[in-house]
Structure formats: structure tokens, C-alpha cells
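Written below as C-alpha cells is the structure these notes are about.
The values are calculated or read from the model by the stated rules, or taken from the named source; none is laboratory data. A quick note: this is a predicted structure, and the numbers were derived from the prediction, not measured. Every residue, glycine among them, receives a Cβ derived from its backbone with ideal geometry; neighbour counts consider all protein chains shown.
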Amino acid sequence: GTTRPQVRIVIVGHVDHGKSTLVGRLLHETGSLPEGKLEMLKAVSARRGMPFEWSFLLDALQTERDQGITIDTTQIRFRTRSRDVVLIDAPGHAEFLRNMITGASQADGAVLIIDALEGVRDQTRRHGYLLHLLGVKQVAVVVNKMDRVDFSAARFEEISDEISAHLTGLGVTPTAVIPISARDGDGVAERTPRIEWYDGPTVVEALDALEPARPLETLALRLPVQAIYKFDDRRIVAGRIESGSLSAGDEIVIMPAGKIARIRTVESWPVTPVNGIQSAGRSVGITLDRELFVERGDVIAHVGTSPRDTRRMRARIFWLHDKPLAAGASILVRLGTRETRANVVAIEKAVDPGELSSVETKAIGRNHVGEIDIALAQPIAADPYTDNPRTGRLVIEVNGRIAGGGLVLSVDAGQRAIP
Ligand code: GDP
């Protein structure tokens, strides 16, 4: 059949505002539950004299996943009219952040959930910040538990205005703000009479309207070099293609040195490509048509679309370390396969995501967000994350531990950039 665009989403929001309930509902409304599952859980609840909770579904699926029963052991998926939606786990806060920051799981969109009675809380604002930090641009807001406020349009408007102002201030315009009752189903897949005053999309429609990420293979080639292997007199440059594609004969440039060569052969495992082309996501080994100095940490790109080489960059980071990050700090920066010592030249912004008001500029505290200027000990090849979501990300280590990470906002023009 035809391939449907896939979108990866995260559902975030204050604890108890209804994330699991919404997921249960979405699975049900989109017909994504295994046969008989819902009836079984309802019967179990009745037998135990407990009211049925939609979140049981998620728990049950989670348990099966843990026990390895279900076939798809990695992610929860469902289909809307034209999209395959993959729900990225957001279990522990720090774990989720780490995954997002290191690019292990990049979300195309997010659902931010708010309890209609409780309204916008610190954690809600903080999650908004995190989505901004992580570069998630498409955010649908759902105002849940509308049944607890008698489906009041006025209450909905109040929350909608407050969260929209907050998100817009961060440069994230909500794609929709949707009144729902995840428990009862209003607004999830249907506009029910209780929300007849609302004429925007349902949650399912909002998810269906998400733009999928540009396929990585359509971006410029980025092959961060992992290792060089020597077999007899052949030198094989190995790495994972993060974006774009390559084939034998291509004219490439090795960054940051800026040396140019042609790809002689493309070797890969476990299978050699049929048409000779290898693209994003594949691990490859290539040989070049001349002897050039290549080392781990270099980035191979096509001539004309190479990354800049730089010693200076601005990054937006999330800080995880106990000791706040201050100007003058010596850090280790990991970008692609390169590691280099660096110095924090300036803290441009330091914000507590929960407290919009307290903007400090001296140091970035634990769990805070900031923008920093970094001077690198050696030139590296880097892309702003808006150009390349894979290579525009960095991780910061202190004493061998991940201390933070984030997005490359801009790089200073390099001396050796190939036009
Ligand atoms: P999570 O912590 O964000 O995953 O929240 P849960 O989905 O576990 O929901 C927390 C509680 O809120 C549970 O007791 C749910 O039954 C309840 N809840 C969720 N959605 C609704 C809703 O639309 N209306 C009402 N009245 N309660 C809800």
C-alpha cells in the first residue's frame, strides 16, 4: 500500500491533568486497541468493584510491553485519517528530556494538556518552555476535564488566552486549543453537543493536521565520522549517515578541515546497497579516491552544502547538573561524533521554566533553561538546528557525566566554509 506520513508526538502536561486518559481514549476512538481489550478491562474493573478508568488501557499495554507480549514493543501507535501517529514515551521528566535533547527521540509535534478546573500551572508553563527549548514548533493545546467546569465556554476562553499568550511569547503558536473531556470523549474524535459552542478541530483532527518532519534523506548529507578502519592498504571511513544520501563518485568535503575528495566505494553492512545509494539512518563505510587525513569527529558533506567550521556558537540548553553553569566554566561539548573542550563565554539568558518572572542572567541552575555563547578549543563542523535537527544538537559533559544539552542556535561564519 501507499506509505502514510508518520508523525511523532509527545503528550505533556501537569501530572493528573489527564495524559493517560487521553491516550486511552485516542486508542479507542481511532480503533487501535486489540480486539476485546476494552471489554476485558471493563469487566475486571466491575469484578473488583472499581470504576473503569481509561488510563487502565495504557497501564495494561505498558505491562504487556514490559512482558514482551505485544509485537510492537517500542511505541504506542494509532492512525488518524491520513497520518500514522507514534506516541513517544515521556515517562520520567529527566529521561524524557535527555532523550529529546540527545536526539534519541525527536518529536514533530506535541499535545499540551491542561485541567480546566485547575488551569495553567507552573508545570504546564515549564512544559511549554521545554517544547520551545526542544524546538517542537507544532503544539496543540487541550483543555481537559471540561465536564468539571460544566463545559463553560468562558472558562475555556480564559485558559486558552493565558496559555496562548505564554506559548506565543516563546515563539510557539498553538496549532489549536481544544476543549475536551478525555473521560467522556467530548472533543477527542467528535464535537459533541456539550461543546457545540466550539468550532475548531477535535484532537484527532489536530493530530491529522500535523506536518510530518522533512525526511532526513532530503536534507544535505551529513556523515559524522565514527572510526577509520584499515584493511590491507584500504582505509575505510565509517559512520552513520545522519541526513542526506551518498554514492560512489560523489565529490565530498571533510569538515572542518575543508579537504575535498571523491567517494571511491561505498561499503556497508549487513547488505551492500542495490543501486549504490545509501541514505539517512544507515551505517556505512566509504573509501576515498585519495589519502587524506580523516579522524573521528570530522563530518563528511557534499561540496556546496557543507556545514560551517566554527569555534564559536550560541546554544539553547537545558541544564541537569547540580552545580549551576556560569560564564567562564570549562565544559566538554559533544556534537555528532566530535568531543571538544570548550569555554562558556557568556550566559545570555537563564530562565526557570516554572517561573516566567525570574529571569536571571548570571548562571543556569539545575533544570533551568538558558542560552549560552561557547568558545571551542578546536574548530568543529556545526549546523544550526533549524537547518538540521540531527547535527544541530549538542550534549555538555562535566566530569564525564551528561550535565546538559540542547540546540545549536547559530554558528559564527567559518573561515573555511565551502560556498
Ligand atoms: P495523567 O497523570 O496526566 O496521566 O492523568 P490521568 O490520565 O491519570 O488522569 C488523572 C485523573 O483525572 C484520573 O482520575 C482520571 O480519571 C481523571 N480524568 C482524566 N480526564 C478526565 C476528564 O475528562 N474528566 C474528569 N472528570 N476526570 C478526568
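Every condition in (1) modelled with pLDDT of 95 or more; (2) over 17 Å from residue 380 (Cβ atoms); (3) not in a loop (DSSP other than H, G, I, E, B) holds for residue 225 except the one numbered (2). Apart from one condition, residue 78 fits all of (1) at pLDDT below 85; (2) away from the ligand (no atom under 13 Å from the Cβ); the exception is (1).
When the range 219-240 is limited to residues that are closer than 15 Å to residue 305 by Cα and not basic (Lys, Arg), the one that is surrounded by the most Cβ atoms within 10 Å (Cβ to Cβ) turns out to be 223. Only one of these is assigned to a loop (DSSP other than H, G, I, E, B) and over 22 Å from residue 383 (Cβ atoms): 290, 296. Name it. Just a single option satisfies the conditions, and that option is 290. Against the condition touching an Asp or Glu at 6+ places or on another chain (Cβ under 6 Å) and surrounded by 15 or more Cβ atoms within 10 Å (Cβ to Cβ), how does residue 203 come out, does it pass? Here the answer is no, as residue 203 does not meet what is asked. A single member of 45, 20 is within 14 Å of the ligand (Cβ to nearest atom), surrounded by fewer than 18 Cβ atoms within 10 Å (Cβ to Cβ) and among the small types (Gly, Ala, Ser), and it is 45.
For residue 303, the test of being of a type outside the set (Lys, Arg), within 30 Å of residue 261 (Cα to Cα) and in contact (Cβ under 8 Å) with a residue 60 or more places away in the chain is passed. Checking each residue in the range 106-139 for being in contact with a Phe, Trp or Tyr (Cβ under 9 Å, 6 or more places away or on another chain) and within 16 Å of the ligand (Cβ to nearest atom) picks out 116, 130. Going by what's in this entry, would residue 112 be described as in contact (Cβ under 8 Å) with a residue 40 or more places away in the chain, buried (at least 18 other Cβ atoms within 10 Å of the Cβ) and not in a helix (DSSP H, G or I)? So residue 112 passes the test.
Of note, residue 142 satisfies the criterion of being within 16 Å of the ligand (Cβ to nearest atom), of a type outside the set (S, T, N, Q) and within 26 Å of the chain's Cα centre (by Cα). Listed by first and then second residue, the pairs linking a residue in the range 56-73 that is closer than 15 Å to residue 25 by Cα to a residue that is of a type in the set (D, E, K, R) and at pLDDT 75 or above, with Cβ atoms under 8 Å apart and 6 or more places separating them unless they lie on different chains, are 57/37; 60/37.
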